[in-house]
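Structure record follows, encoded as structure tokens.
The values are calculated or read from the model by the stated rules, or taken from the named source; none is laboratory data. Being a predicted model, the structure only gives us computed values, none of them experimental. Reconstructed Cβ throughout: ideal geometry from the backbone, glycine too, with neighbour counts over all protein chains shown. Surface areas here come from the heavy atoms of the whole protein model, side chains and all, with no ligands, DNA or RNA. Shrake-Rupley method; radii C 1.70, N 1.55, O 1.52, S 1.80 Å.
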Amino acid sequence: LYSIILFCVFLWIPFVYFYYEEKEEDDGNTCSQVKTALKYTLGFITICAVLLLIGAFVPLDIPNKKNSTEWEKVKLLFEEFGSSHGLTALSFSISSLTVIGMLAAITYTAYGMSALPLNLIKGTTSAAYERLENTEDIEEVEQHLLRIKSKCRDGRPLSSRDRRSVQQLEERLRTLRRRERHLESIEKSWWTKFCEALRPLKIVWGVFFIIVALLFTVSLFLSNLDKALHSAGFDSGFIILGTNLTNPLNMLLPVLQTVFPLDYILITTIVMYFIFTSMAGIRNMGIWFFWIRLYKIRRGKTRPQALLFLCMILLLIVLHTSYMIYSLAPQYVMYGSQKYLVQVRHNTLSYLLYQKCTVCILFACFLDQCTVTRTYLFLHKFWFFSAAYYFGNWAFIAVFLIGLIVSCCKGKKSVIEGEVDEDDSDMSDDELSVYY
């Protein structure tokens with residue numbers, strides 16, 4: 001499955017993206033478009049090959065001393081997994097993509113976790129009220145245009161400043177008239193009436209989503225705080241030697257694992273929640289590269305390249321959820337509900353007692369009574385990635401809190417939020433009835 005992800009990210013999605021780019025620039029034959037797309041995709045394949053080579057030969061400096069510390073013994077857990085360079089190379093490549101997914105999650109998911117529930121609770125403005133405001137804006141722009149054009153009634157030409165003003169006002173007028181058509185269609189739409197009837201249900205879902213978001217944030221904060229206070233430090237990737245500050249998800253998942261498949265259901269719910277909140281964040285913000293806005297996600301008007309970027313971003317975010325779940329529930333990811341037998345002596349009595357496998361039960365691990373999950377070993381092969389995830393979690397919490405404040409301060413969204421822009425052409429409204 002991880003290999004399929006590498007194939008999609010470094011080969012399939014870039015090839016399709018550049019194919020559509022060539023299709024828009026040149027209406028030539030398909031063969032030339034395929035050749036050009038393959039030429040650009042070769043660069044991504046080279047990057048993938050470099051990552052695999054670095055992962056295969058990067059030194060890990062695993063200690064093999066007999067008189068080693070407890071932390072060095074923990075590092076020896078990775079020795080068996082490091083024997084296969086193929087898995088190590090794949091782990092390095094996937095971890096590199098996971099870091100990119102972490103940046104996408106910080107940008108989109110953290111904001112979407114606050115924007116989605118609050119938008120559901122606040123709702124949108126009334127289409128009739130927006131039409132009234134839009135009509136007033138149209139009248140105001142038309143009057144302004146008439147005042148400027150009245151200056152040239154005696155035959156005098158308009159100044160360059162007035163001509164620029166006329167051009168801007170005419171573009172503004174075209175946008176307002178497009179808004180008028182959209183608002184009129186929405187006001188008459190049966191879908192709008194249906195959504196208004198579901199308004200109480202949206203509020204309930206919004207309250208539920210904000211509670212889940214706060215639960216995730218609190219769990220992530222407690223887990224990161226535990227690492228800050230009790231981990232082995234930066235050089236170890238902030239791997240924690242025992243759970244000291246527990247959180248709700250870390251307690252719940254090992255319990256659910258005892259009843260198949262309740263833990264899988266909860267994890268699936270968590271992943272779907274991240275997907276929905278990420279899509280909400282991308283829908284509200286658009287697709288950005290640093291400070292440059294690349295694409296907008298709009299109903300019925302999204303470009304193929306933007307859809308490909310959307311798929312790639314969601315793919316990387318879902319990849320990052322593997323580590324996010326570890327941050328939320330380290331006990332579950334490392335050992336699950338495993339137990340081991342320990343012999344206890346009390347006076348003259350001796351009996352066996354079941355104990356839970358935890359990170360702090362080091363000797364149980366070395367006696368092979370507890371088995372560390374392959375998911376944990378795969379995700380934590382390289383300490384510097386774990387350190388990056390640790391700081392990324394703090395950034396995730398900060399962006400969520402900032403997004404929560406911004407979403408609370410913002411008013412209701414427009415009923416046609418993002419549907420009408422100044423750079424749209426009037427041709428884009430030809431099939432308006434299809435979407436409303």
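A few notes on this one:
- Single residue of E140, E133 found to be in a helix (DSSP H, G or I), within 30 Å of V406 (Cα to Cα) and open to solvent by 70 Å² or more (accessible area, probe 1.4 Å): E133
- Restricting attention to segment 301-312 and to residues that are open to solvent by 20 Å² or more (accessible area, probe 1.4 Å) and at pLDDT 85 or above, the residue that is farthest from I94 (Cα to Cα) turns out to be L307.
- So T321, is it hydroxyl-bearing (S, T, Y) and surrounded by fewer than 15 Cβ atoms within 10 Å (Cβ to Cβ): no
- Looking across segment 328-347 at every residue that is in contact (Cβ under 8 Å) with a residue 24 or more places away in the chain and in a loop (DSSP other than H, G, I, E, B), the one that is surrounded by the fewest Cβ atoms within 10 Å (Cβ to Cβ) is identified as S337.
- Only one entry of A280, A232 meets the criterion of being modelled with pLDDT under 80 and not hydroxyl-bearing (S, T, Y), and that entry is A232.
- A single entry from T246, T269, T192, T175 fulfils the requirement of being hydroxyl-bearing (S, T, Y) and within 13 Å of S327 (Cα to Cα): T246.
- Number of residues in segment 166-192 that are aliphatic (A, V, I, L, M), out of contact with any Phe, Trp or Tyr (no Cβ under 8 Å at 6 or more places or on another chain) and farther than 28 Å from K151 by Cβ equals 1.
- I121 passes every criterion in (1) in contact (Cβ under 8 Å) with a residue 40 or more places away in the chain; (2) farther than 30 Å from M324 by Cα; (3) surrounded by fewer than 18 Cβ atoms within 10 Å (Cβ to Cβ) apart from (2).
- Residue in segment 250-258 that is under 30 Å from S126 (Cα atoms), assigned by the TED database to the domain that holds C357 and at pLDDT 85 or above present: no
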